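Undergrad: Right, I'll just put the structure down here and ask away after.
The values are calculated or read from the model by the stated rules, or taken from the named source; none is laboratory data. It should be emphasised that the depicted structure is a prediction, and the values quoted were computed from it without experimental measurement. Heads up, the Cβs are rebuilt from the backbone with ideal geometry, glycines too, and the neighbour counts pull from every protein chain shown. For the accessible areas, the whole protein counts, side chains as well, though only heavy atoms, and no ligand, DNA or RNA atoms are used. Shrake-Rupley method; radii C 1.70, N 1.55, O 1.52, S 1.80 Å.
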Amino acid sequence: MILDVQDLLVRFPGVTAVDGVSLSVAENECFALVGESGCGKTTLARTVLGLQRPDGGTVAIAGTPLAGLRGRALRRLRAQVQIVFQNPYAALNPRMTAGRLVDEPLRLAHPDAGRDDRRRRAEELFDAVGLTGTHRSRYPHELSGGQCQRVAIARALAVGPRLLVLDEPTSALDVSVQAQILNLLDRLRRTRGLSYLLISHDLAVVRHLADRVGVMRAGRLVEQGPSAQLLDAPQHPYTKALLDAMPGRGRAALLADTIEAS
Ligand SMILES: Nc1ncnc2c1ncn2[C@@H]1O[C@H](COP(=O)(O)OP(=O)(O)OP(=O)(O)O)[C@@H](O)[C@H]1O
Ligand SMILES: [Mg+2]
C-alpha cells in the first residue's frame, strides 16, 4: 500500500472534521473521496500530506508511519506525497516564469544537481505534462488555465512523488480543457506508476479516473468500494442521495467522447 490511513481522527473546535476514517490506496490506484461540502475531505488530505496533525489514528506512506518522524526523514517521506490544487492560478507564484516554477522544487529535490542536470530534468517534466519550450519563459497570467494546471502538475512531479493528492483538479477549468487534464493525469499514472487520492464533486471526473470510491459524510466514511459498483449500485442510502445530487451525470458521456477523441 502506498497510503494506509487507520482510524484517523481530526478535531477542530466545535467540529470533528475526520471521525475514525480508515482507507488505503494501492500502488497505481486512484481512490476518490466524494461527499458534501464540509464533510472533511480536504482535512483528510492535509493530514495525509503531513500538514495537519491528527488527534488520533495513523497515516502511513509506503509502510512508514508519518507520526514520530522529524527533520530529514519527515521531509523525505513527505516528498512522496504531493498535492495538485483546484485553482492553479492561486497555487502558482505570479512573479515566477513557468521555467522557474518547475526549477524551484527541482532544486529542493536535487540540491547537488548542477544547472545542466536540472535543466534536463525540467525539460523532461515539461515534456511529460505536454508543455513546450515556449511556455517556459511565460508567467502564469500569460498561460491558460489548463497550461497553468500542467505547470502545477510538473511542480508536483519534480520531487518524485509516488502519491498525488488531487483536490478538485479540474473544477476550475472548462469542459474541453478538463478532458485534456484528465487524459494527462491518466497517462501520468500509467507511465510513472503513480497513485492518486482524488477529491471531486464531479461524477464524470470520478467515473473517469477512480478505481475505488469512498463516500464521506460529516467526517465519517459511510461506504467505499470499486467505482463501477459503488456508482452504479450504491448500498448506502446516503450514497444514493449524494450521487443523485452530484453534477457531471449528463456530462460523463460528453467528457468520455472528448477523451476518446483527444
Ligand atoms: N483549520 C481549520 N480550523 C477550524 N475548522 C476547520 C479547519 N479546516 C476545516 N475546518 C472544518 O472542518 C470541517 C471539514 O472541512 P474540510 O475543508 O475538510 O471539508 P471539505 O470536505 O474539504 O469541504 P469542501 O468540499 O467544501 O472543500 C468543516 O466543518 C470545516 O469548517
Ligand atoms: Mg475541500
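Undergrad: Here are V159, V213, V175: which of them is surrounded by 23 or more Cβ atoms within 10 Å (Cβ to Cβ) and touching a residue at least 40 places away in the same chain (Cβ under 8 Å)?
TA: V213
Undergrad: Now, a different point. Can you report the number of residues in segment 37-52 which are small (G, A, S) and surrounded by fewer than 20 Cβ atoms within 10 Å (Cβ to Cβ)? Can you show your working first?
TA: The initial filter retains those residues of segment 37-52 that are small (G, A, S), namely 37-38, 40, 45, 50.
Imposing the further condition that a residue be surrounded by fewer than 20 Cβ atoms within 10 Å (Cβ to Cβ) reduces the set to 37-38, 50.
Adding up the residues that qualify gives 3.
Undergrad: When the residues of segment 64-96 are narrowed to those that are out of contact with any helix residue (DSSP H, G or I) (no Cβ under 8 Å at 6 or more places or on another chain) and over 24 Å from R53 (Cβ atoms), which ends up least open to solvent (accessible area, probe 1.4 Å)?
TA: So the residue we want is N87.
Undergrad: When you go through (1) open to solvent by less than 20 Å² (accessible area, probe 1.4 Å); (2) in contact with a helix residue (DSSP H, G or I) (Cβ under 7 Å, 6 or more places away or on another chain); (3) closer than 19 Å to P169 by Cβ one by one for G99, which number turns out not to apply?
TA: Condition (3) is where G99 drops out.
Undergrad: Looking at (1) open to solvent by less than 30 Å² (accessible area, probe 1.4 Å); (2) part of a loop (DSSP other than H, G, I, E, B), which one does R138 not meet, given that it meets all the others?
TA: R138 satisfies all of (1) open to solvent by less than 30 Å² (accessible area, probe 1.4 Å); (2) part of a loop (DSSP other than H, G, I, E, B) except (1).
Undergrad: Residues being part of a helix (DSSP H, G or I) and surrounded by fewer than 21 Cβ atoms within 10 Å (Cβ to Cβ): count how many of those fall in segment 178-202.
TA: 10
Undergrad: Has segment 20-33 got any residue that is open to solvent by less than 70 Å² (accessible area, probe 1.4 Å), over 24 Å from L182 (Cα atoms) and either touching a His at 6+ places or on another chain (Cβ under 8 Å) or away from ligand 1 (no atom under 16 Å from the Cβ) (or both)?
TA: Yes, segment 20-33 contains at least one residue that is open to solvent by less than 70 Å² (accessible area, probe 1.4 Å), over 24 Å from L182 (Cα atoms) and either touching a His at 6+ places or on another chain (Cβ under 8 Å) or away from ligand 1 (no atom under 16 Å from the Cβ) (or both).
Undergrad: Looking at segment 42-58, is at least one residue among the small types (G, A, S), more than 16 Å from ligand 1 (Cβ to nearest atom) and modelled with pLDDT of 95 or more?
TA: No, segment 42-58 contains no residue that is among the small types (G, A, S), more than 16 Å from ligand 1 (Cβ to nearest atom) and modelled with pLDDT of 95 or more.
Undergrad: Further, regarding this structure: Taking interchain pairs and intrachain pairs at least six residues apart, which have beta carbon atoms under 6 angstrom, with the first residue in segment 22-39 and without any contact (Cβ under 8 Å) to a residue 60 or more places away in the chain and the second open to solvent by 10 Å² or more (accessible area, probe 1.4 Å) and of a type outside the set (S, T, Y)?
TA: Sorted first by the residue in segment 22-39, then by its partner, the pairs are S24/M1; S24/D4.
Undergrad: List the number of the failed condition for P169; all other conditions in (1) out of contact with any strand residue (DSSP E or B) (no Cβ under 6 Å at 6 or more places or on another chain); (2) modelled with pLDDT under 95; (3) open to solvent by less than 20 Å² (accessible area, probe 1.4 Å) hold.
TA: Looking at each condition in turn, P169 falls short on (1).
Undergrad: If you scan segment 53-63, which residues turn out to be closer than 22 Å to A109 by Cα and touching a helix residue (DSSP H, G or I) at 6+ places or on another chain (Cβ under 6 Å)?
TA: I61, the sole residue that qualifies.
The rows are residues; the columns are (1) without any contact (Cβ under 8 Å) to a residue 60 or more places away in the chain; (2) within 25 Å of G193 (Cα to Cα).
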site: P88; (1), (2): no, yes
site: L92; (1), (2): no, no
site: R95; (1), (2): yes, no
site: D117; (1), (2): yes, yes
site: A122; (1), (2): yes, yes
site: E142; (1), (2): yes, no
site: A154; (1), (2): yes, yes
